[in-house]
Each structure stands twice: as C-alpha cells, then as structure tokens.
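All remarks here apply to the structure that follows.
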Amino acid sequence: MLGEFEYLVLTISARLGDEAYGAAIRRDLEQATGHRCSLGALYTTLDRLESKGLISTVMGDPTPARGGRAKRMVRVTAKGIRGATAFYNAILQASRGVSWEARIAIAP
Amino acid sequence: MGSQDRDCAVRKFSRFLVDVVSRALQPDEREVVLGDLQETGEGFRAVQDVVGLVVRRQATLWTHWRPWLALVTVVAPLGVFLSHISAAWAGGTAIYSWLYVDNWTWGYLRSPGARHELAWTVLGFGLDYVTLASWAWASGYTLGSLSRETSWLNAALLSLVTFVGTGSLTVQSANPFNAAAFSLTFYRAILPTSLRAVLVVIPAYWGACVGRRSTAVSGQRTTIGVVVMGILTLRTFPFLSGGYLVLSPRMFPIPADWHLKVLGLTVAWPLTYMVAGVWRSRWGKPAAG
C-alpha cells in the first residue's frame, strides 16, 4: 500500500501529465496541502516510486527559465495508476459514513 | 532602497551557498535541483532544501559497508597516526628551525662539521616531509577509491582527526630545555598547524580526488609509487619515537615506542590496497565505479 505522501505525488503527477516535473509537482503539492514541501522529501519519494515501478523519469529539455538546465520529467506507469487507485478506494472505504464537514459544524 | 539592497545581497549569498552545497549531489540531480530552484526563485529557504537533500542522500550512502570500512580502517587509525607523527615532526622542525633560523650564524657554513650537520638535517627533514605527505596521499587515495560518494566526508573526518587526534603538546615541547623555541607562538602553534595542513590535509584531499576518479589504475605509476612509499616507510620506521597523546590536561604517555610502531603498521593498508588495485585491473575485473 502506498504512503500518503507517495499518493499525493502520484496523483499530482498524473494530473499534470506532460508537465509533471519536480518544480511543478512541488508547487501543486504545496497548494494542495498548505504546507511546505522540502526538496529532499520530494526527490527521495520520486526515487522510491521509481524503484517500485510506479513512475518513470526522464531528463527533459533545458529551458531559459531554468538557466538552461534540464528538468526531471515524471510519468506515472500503469502500475502506479493501479497503486493510486487502490489507495483512493481504501480511503473511500475507510471514510464511508464519516462526514468530516458535519463533525466540524457540530464541534464547538 | 536599503532593504532592497539587503534582500538582493541575501539572495546572492543564498545562491552562492546553494551552488556550493549542491556540489555534494550527483551531477544530473544537481542540474535538476538548481534548475528547479532557479524557476521558483527561492531565497535562503533554498539553502535549507538543498542541505536537507544532501543529508538524505548521504544518509542513504552510509547504509552500505564501504564508507564504514573506510572510516574504521583508514580515518580512525591513520588519522591518529598522522596526527601524532605530524605533531612530533613539527616539534623537531621547530627546534632545528629555531636553532638555524632564529639563531643563525655564518659559522654553520664555515665549519665543515656544522655544514655537514646542516645538510643532513635539511635532507632528513625533507625526506620526512615527503614520507608524511605520501602517507597522507595514500590514505586519501584509499578513501576516495573505497568510498567514492562519501569520500569527501571521510576526507573531512580524516582532516579533523589529524588536527585533534593529539593535543598541542609533544615530547619536544614538553621538555623544559626547549622552552626557548616553544615560547614563540610560531613554533608552538602556527608551525604544527601549517605542517598538518600542507603535509597531511592537502595531500589527503588530492589522493581522495585521484582515488574517486580512477576506474582503471595506472599499473606502472602505482607500482613505482608504492615502491617509493615503501622505501620511505622502511627508512622512517626504526626511528619512530614515543611521544605524548594529550587527551586532557593530564598527559597520557605512550610507555614504549612499539605502540607507535604498531599503529604505524596501518600505513601498510593503503599501500596494499593500491597494489591490489593494480593486480585487479591487470588480471581481474576493473574496480567498480
């Protein structure tokens, strides 16, 4: 089973599609979670996902905005999609019958 | 305007730090990380991010056995040995320098006996310095070859042990008859530190850089180098004298010279490793990258 951070990285990479690379994934992660995402956490997670076969990475083209440096492009594999789907279904199953919004409204 | 200048200076300094710290990463990853940080335009937080990534990468490397083997067989024993020897030889250099430089007289050159003594002293110390530097180079080479990705950290630890492995006192400086020389700050502090930096730290880093790059050892050069180092070591060994390891305000004397000689046998490890590298490249698989 994936970890929660691994799931977030996979999901955001899948949504970004052809634009999935380090800086973009990090930006969307921080927007989604409201917390800072360290480079160390992101890149070690990408390495771990790649070693599990859930993503593949290739060096992209350099761009002027990056000072002529290449990007590390991320592609979610079929195995990665299955893994993320299983995690999502598990969250849905575990959350059935729990209404977080209702609980927040009731709590003082 | 003042705060803008300050922000600009902070960003420049941050970029400099990021550039320096990121050199510990693999080239591909360094390029990607620097590109990401340039795109996001972060300031000092970028330094924190890069340091965090470097620490994680180094921690992963230290889960393998090679860095630990380098630490236990090279950094610890050879660091202490080089520290002791450099301190002892710096003490000897201090006494003779004080004699010949601070108390120079042309009589040293007019008298045949004094001339002979001066020449042999200079030659003796010269050979000692070459020996010390060769030991340090061989130690660094072994570190670089054995633990490539962690060699810079192991070399830094070797340097640290060299400087703090022994205290500032040696048997020469503790002798009250040498007080005239060691009362001078140059001979007491500056000379031993400089000797360690020039004859141990710099050769060790040089050797580590060569050891890291070498994927195929040059057989002839290595063999000649090992033979020369072996001869220099054999020349030095009978005269290794006991000294003091000052680990606290109390002195812990080494009771016999043989303790130092046993520690000095660890010099054989880097020389053996270099010879093994030559054999491996000639008759076996090349050394792993």
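The values are calculated or read from the model by the stated rules, or taken from the named source; none is laboratory data. Every value quoted in this text rests on a predicted model; they were computed, and no experiment measured them. In this analysis, Cβ positions are derived from the backbone assuming ideal geometry, glycine residues included, and neighbour counts consider all displayed protein chains. Accessible surface is based on the protein model in full, side chains and every heavy atom, while ligands, DNA and RNA are left aside. Shrake-Rupley method; radii C 1.70, N 1.55, O 1.52, S 1.80 Å.
Which residues, taken from the range B:54-69, are more than 14 Å from chain A (Cβ to nearest Cβ) and part of a helix (DSSP H, G or I)? Even if it seems obvious, please write down each step before you answer.
Step one: filter the range B:54-69 for residues more than 14 Å from chain A (Cβ to nearest Cβ), giving B:62, B:64-69.
Answer for the range B:54-69, where residues must be more than 14 Å from chain A (Cβ to nearest Cβ) and part of a helix (DSSP H, G or I): B:65, B:66, B:67, B:68, B:69.
Looking only at the range B:14-53, count every residue that is small (Gly, Ala, Ser) and either without any contact (Cβ under 8 Å) to a residue 24 or more places away in the chain or outside any helix (DSSP H, G or I) (or both) and tell me the total.
From the range B:14-53, those small (Gly, Ala, Ser) are B:14, B:22, B:24, B:35, B:41, B:43, B:46, B:52; that's our starting set.
Then drop every residue that is not either without any contact (Cβ under 8 Å) to a residue 24 or more places away in the chain or outside any helix (DSSP H, G or I) (or both), which leaves B:35, B:41, B:43, B:52.
Residues meeting the conditions: 4.
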Where residue A:62 falls short, out of the listed (1) in contact with a Lys or Arg (Cβ under 6 Å, 6 or more places away or on another chain); (2) within 14 Å of residue A:13 (Cβ to Cβ): (2)
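Let's see how each residue does on (1) within 19 Å of residue B:92 (Cα to Cα); (2) surrounded by 14 or more Cβ atoms within 10 Å (Cβ to Cβ):
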residue: B:105; (1), (2): no, no
residue: B:108; (1), (2): yes, yes
residue: B:111; (1), (2): no, no
residue: B:116; (1), (2): yes, no
residue: B:119; (1), (2): yes, no
residue: B:123; (1), (2): yes, no
residue: B:126; (1), (2): yes, no
residue: B:139; (1), (2): no, yes
residue: B:143; (1), (2): no, yes
The range B:70-83, residues that are touching a residue at least 12 places away in the same chain (Cβ under 8 Å) and either within 8 Å of chain A (Cβ to nearest Cβ) or open to solvent by 10 Å² or more (accessible area, probe 1.4 Å) (or both): B:71, B:73, B:76, B:77, B:80
Residue match in the range B:139-147 (condition: modelled with pLDDT of 85 or more and more than 21 Å from residue B:208 (Cα to Cα)): no
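For the range B:1-13, which residues satisfy the criterion of being of a type in the set (Asp, Glu) and in contact (Cβ under 8 Å) with a residue 24 or more places away in the chain?
Restricting attention to the range B:1-13, the residues satisfying the condition of being of a type in the set (Asp, Glu) are B:5, B:7.
If the condition is that a residue be of a type in the set (Asp, Glu) and in contact (Cβ under 8 Å) with a residue 24 or more places away in the chain, then B:7 is the only one that fits.
Could you list, in sequence order, the residues of the range A:77-88 that are open to solvent by 40 Å² or more (accessible area, probe 1.4 Å) and hydrophobic (A, V, I, L, M, F, W, C)? Outline the logic, then answer.
As a first pass, look at the range A:77-88 and keep what is open to solvent by 40 Å² or more (accessible area, probe 1.4 Å): A:78-79, A:81-82, A:85-86, A:88.
Within the range A:77-88, A:78, A:81, A:86 meet the criteria.
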Those residues of the range B:74-101 which are over 30 Å from residue B:30 (Cα atoms) and either modelled with pLDDT of 90 or more or under 14 Å from the mean Cα position of the chain (by Cα) (or both), in sequence order: B:76, B:77, B:78, B:79, B:80, B:81, B:82, B:83, B:84, B:85, B:86, B:87
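Residue check: is residue A:50 farther than 24 Å from residue B:61 by Cβ, acidic (Asp, Glu), more than 12 Å from chain B (Cβ to nearest Cβ) and open to solvent by 20 Å² or more (accessible area, probe 1.4 Å)?
Numbers: farther than 24 Å from residue B:61 by Cβ: no; acidic (Asp, Glu): yes; more than 12 Å from chain B (Cβ to nearest Cβ): yes; open to solvent by 20 Å² or more (accessible area, probe 1.4 Å): yes.
So residue A:50 does not fit the description; no.
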So residue A:1, is it among the aliphatic types (A, V, I, L, M), touching a strand residue (DSSP E or B) at 6+ places or on another chain (Cβ under 7 Å) and over 22 Å from residue B:47 (Cα atoms): no
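Looking only at the range A:93-103, decide whether some residue is at pLDDT below 95, within 13 Å of chain B (Cβ to nearest Cβ), open to solvent by 30 Å² or more (accessible area, probe 1.4 Å) and not in a helix (DSSP H, G or I). Before the answer, list the steps.
Filtering the range A:93-103 for residues at pLDDT below 95 gives A:93-103.
Subsequent filtering for residues that are within 13 Å of chain B (Cβ to nearest Cβ) retains none.
No, the range A:93-103 contains no residue that is at pLDDT below 95, within 13 Å of chain B (Cβ to nearest Cβ), open to solvent by 30 Å² or more (accessible area, probe 1.4 Å) and not in a helix (DSSP H, G or I).
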Filter result (free of Cβ contacts under 8 Å to residues at least 12 places away in the same chain, assigned to a helix (DSSP H, G or I) and more than 9 Å from chain B (Cβ to nearest Cβ)) within the range A:25-46: A:30, A:31
Given (1) away from chain A (no Cβ under 12 Å); (2) within 17 Å of residue A:65 (Cα to Cα); (3) hydrophobic (A, V, I, L, M, F, W, C), index of the condition residue B:9 fails: (2)
Residue count for the range A:53-85, restricted to those that are hydroxyl-bearing (Ser, Thr, Tyr), under 22 Å from the mean Cα position of the chain (by Cα) and facing chain B (nearest Cβ under 10 Å): 1
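Pick out the one residue from B:17, B:25 that is touching a helix residue (DSSP H, G or I) at 6+ places or on another chain (Cβ under 9 Å) and open to solvent by 40 Å² or more (accessible area, probe 1.4 Å). Steps first, please.
Details: B:25 fails: open to solvent by 40 Å² or more (accessible area, probe 1.4 Å).
Answer to the check: B:17.
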Residue in the range B:44-53 that is more than 14 Å from chain A (Cβ to nearest Cβ) and open to solvent by less than 60 Å² (accessible area, probe 1.4 Å) present: no
